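The structure appears right after this line, and notes come after that.
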Amino acid sequence: MLSGIGPKDHLKELGIEQRVDLAVGEHLQDKYGAFVGPFVSAEGTSFLRERDINIRTFMEWVMMGRGPLQCSRSEATYTWSSSYAKKDNYGGFPDLHTYFLAWSVDERYERDMETTFNIDPKISRKYYGKAKGKDSFFQMVSLNKIFGTGTLRLRSKDPFAQPLLDPKYLQHPRDVETLVEGIRFAVNLVENTTSFQEINATLLPIPFPGCESHSFKSDNYYECLARHVTVTAYKYSGTAPIGRDRTDVEAVVDSELRVFGVNGLRVVDASVLQVRQLSVNHVSIQAMAELASRFILKFWKKLPIISENPLSIFDILTRLNPDRENDIIR
């Protein structure tokens, strides 16, 4: 957008000379959800930093590859389809994805929640402090398919200024309803299954600060909780989506990732993907990069680089078709 490629009104507002009017930053999507817990469990059934990080456990891991340090703390994940997904027939694609996180509350945990997920420090200490020093674990319930979208904007013309990122979490009622159902399932999974009852696991029986007016474990309570502990999975996409041609007002790039109306510019990252069923992951971006490399190689192989009278790079660039000039990858 700083170069003049983006929404006309936004660029005009910042005094940036417009080159191409495209919907850059208009359809921000993310995989996000709610951090549910702590689920308090029997002693020795989770990871407690003060107890489980010491010389003995370190040597056990180094010498035998065993012990609490062999785990990443992200112990398991599961996906499932909400009642809404089943009703709308997503073709078997689950719209909820939950991570099991085996760590207990300590001083560093409270600080990490504050810095990583921007949880209010007063709330963090008041609520999570109730489980400090006890074995516990969390579940991060996230949305695989979202209906609401946000925006990405420039703060100013200064290229070093941080952009304005507004994901607009939980502003679409469908996202709220699906996440609430996911949280209810996560709590029931722990409190009503034999495996978790064997370790006496249960959700901390204290209302989250700010949600005391709602009946504990009701749908209204879970919605309130989700709005207080909303967290991202850092899988942003959709701000420069692919489209067939310029008649698609939402599109920024074509099927070969070339920016419409700009010579020699491609976008090769998650911003070109509009998430229709599942969230973006690392593998999908690797596949896209491989595909982009083939597009670019196909283009360059058509140029007279190897001949009896090889051309210089300058000659090649000056002979390029105008809409393929100086191919650049961002």
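Applying a 4.7 Å Cβ-Cβ cutoff to the chain leaves Cys71 as cysteine residues with no disulfide-compatible partner. For the stretch 19-93, the relative contact order is 16 percent, taking Cα pairs closer than 8 Å that sit 6 or more residues apart in sequence and dividing their mean separation by the residue count. Using a/c under 1.5 as the rounded threshold, could you call the stretch 1-122 rounded, prolate or oblate? The axes a ≥ b ≥ c are square roots of the C-alpha gyration tensor eigenvalues, and prolate needs a/b larger than b/c, oblate otherwise. Judged from the Cα gyration tensor, the stretch 1-122 comes out prolate (a/c at least 1.5, a/b above b/c). Residues within the reach of a label modelled at Leu164 (point 7 angstrom out along Cα to beta-carbon, backbone nitrogen below 19 Å), restricted to the stretch 235-251, are 239-240. A DSSP coil position with no more than 13 other Cβ atoms inside 10 Å describes the following trypsin sites (Lys or Arg not before Pro) in the stretch 12-60: Arg19. Note on Leu291 and Leu14: the extension gain reaches 96.2 nm, defined as 0.36 nm multiplied by sequence separation minus the Cα-Cα distance. Summing charges over neighbours of Asp135, with a neighbour being any other residue whose Cβ is under 11 Å away from its Cβ, gives 0 when K and R count +1 and D and E count -1. This model, with +1 at the C-beta of Lys and Arg and -1 at the C-beta of Asp and Glu, gives the chain a dipole about its Cα centre of some 200 debye. Counting only protein heavy atoms and a probe of 1.4 Å, the accessible surface of the stretch 61-107 is 56% carbon and sulfur.
Within a Cβ distance under 10 Å of Arg51, other residues only, what is the Lys/Arg minus Asp/Glu net charge? Intermediate values should be presented prior to the final figure.
Details: positive: Arg49; negative: Glu43, Glu50, Asp52, Asp106, Asp135.
Spelling it out: positives minus negatives among the neighbours equals -4.
Positive end of the dipole of the chain (Cβ unit charges, origin at the Cα centre): among Leu225, Asn192, Val252, the Cα lying farthest that way belongs to Val252.
Here is the link list: Lys126/Lys217; Lys31/Lys298; Lys31/Lys126; Lys86/Lys217; Lys87/Lys145. Which ones come out longer than 22 Å on Cα distance? Mind dumping the intermediate values first?
Numbers: Lys126/Lys217 19 Å; Lys31/Lys298 34 Å; Lys31/Lys126 28 Å; Lys86/Lys217 24 Å; Lys87/Lys145 14 Å.
Table pairs above 22 Å Cα-Cα are Lys31/Lys298; Lys31/Lys126; Lys86/Lys217.
Between Gln70 and Thr202, the modelled label-to-label distance comes to 3.3 nm, taking each label 7 Å out from Cα in the direction of the beta carbon. Ranking Thr116, Val36, Leu69 by how far each Cα lies toward the positive end of the dipole of the chain (charges on Cβ) leaves Leu69 at the top.
Multiplying each eigenvalue of the alpha-carbon gyration tensor of the chain by 5 and taking the square root yields semi-axes of 46, 25, 19 Å, largest first, rounded to whole angstroms.
The residues of the stretch 133-255 have, on average, 49 Å² of accessible surface per residue, using a 1.4 Å probe with all protein chains present. By the Kirkwood approach, averaging reciprocal distances over each pair of separate Cα atoms, the stretch 144-227 gets a hydrodynamic radius of 15.6 Å. Rounded to the nearest Å, what's the spacing between the alpha carbon centres of the stretch 40-107 and the stretch 207-265? Just the number, please. Their Cα centres are 25 Å away from one another.
The values are calculated or read from the model by the stated rules, or taken from the named source; none is laboratory data. Note that the coordinates shown come from a computational prediction; the quantities given were computed from them, not determined experimentally. No Cβ is skipped: glycine too gets one built from the backbone with ideal geometry, and neighbour counts run over all protein chains shown. Protein only, heavy atoms only, side chains kept; ligands, DNA and RNA dropped before computing areas. Shrake-Rupley method; radii C 1.70, N 1.55, O 1.52, S 1.80 Å.
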